[in-house]
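Worksheet: the structure to be examined is printed underneath.
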Amino acid sequence: MNPRHTADFSVHLHHVGPAGRAGPGLFFDCFQDAASLQSAGLGFSIRKLIDKGLTWVVARYRMDVFQYPRWQARIRVTTWRSPQQGHTAPREFEVTDKDGRLLAIAQGQFILLDRAAHRPVSPSDHLPGYPIADETVFENEFTAIPQMRSPEAERWIQVRREDMDLNRHVNNTRYITFAMESVPLEIYRACTPEHIQVVFKKAAVAGDTIRSQIQREPARQPFFVHRLADSSGRTEYARLETRWRPWG
């Protein structure tokens, strides 16, 4: 059984920003779709898992982007599960254009959760026969995201019902969008994120208020630490790091 699954996507007008290219949210949305399509084709759709009292949650994501696609481009996402680490199921992603040029690579660490007990369970016990490829897109392990010492700016964001997923939590892609809201305008207009890493800490729900905080780190390129916290500032929903380069 082929452990790799490919899915093709189009870049629509609503994916494209003022620079004429899609942003990182498009890739993360496509990752969700490609992974879900593979699992559904193997008989492990998210609906079937929910009916069995199980669901997937993502613990971490990282992505390196080499180029963002333009409007009407066709992209292909190739995804596969790499070897299980304890109860964590890593998943790899490659994005190419219609000519096979590599646009981005990414890796997610997913956890299969018992919904009633709110505890992780072993994917290999509940998804027998799921094909695995012993290959990863990154040679190095996840690194720790720096602590935020003192936020330089923040934006307050109200979570909408539209932000919810099947688990009635904020969809993981939205956290990345929320983090981008606090990026300085001069950076956001002139640059694009080439590296994103996110650690998910706590699920937000509709009606929550999120404080999107940012701190610039000393680096040759614009490099930021992001913190998504509740209205009190004491509870973290997610922590991110982003590195930016000029549009080109």
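What follows draws every value from the coordinates through simple rules; no lab data is involved. Predicted model only: the values in this text are computed from it and were never measured. Note that we place each Cβ from the backbone using ideal geometry, even for glycine, and neighbour counts take in every protein chain shown.
Scanning the range 127-147 finds one or more residues that are small (G, A, S) and over 21 Å from A34 (Cα atoms). Just so you know, in the range 197-219 the residues that are touching a Phe, Trp or Tyr at 6+ places or on another chain (Cβ under 8 Å) and more than 21 Å from W156 (Cα to Cα) include one that is surrounded by the most Cβ atoms within 10 Å (Cβ to Cβ), and it is Q197. When every residue of the range 125-142 is checked against the conditions, at least one turns out to be out of contact with any helix residue (DSSP H, G or I) (no Cβ under 7 Å at 6 or more places or on another chain), in contact (Cβ under 8 Å) with a residue 40 or more places away in the chain and not in a loop (DSSP other than H, G, I, E, B).
Here is the figure for the range 220-240: residues that are among the aliphatic types (A, V, I, L, M), buried (at least 22 other Cβ atoms within 10 Å of the Cβ) and touching a residue at least 24 places away in the same chain (Cβ under 8 Å) total 3.
Any residue in the range 52-64 that is touching an Asp or Glu at 6+ places or on another chain (Cβ under 8 Å) and under 19 Å from T242 (Cα atoms)? For the range 52-64, residues touching an Asp or Glu at 6+ places or on another chain (Cβ under 8 Å) and under 19 Å from T242 (Cα atoms): present.
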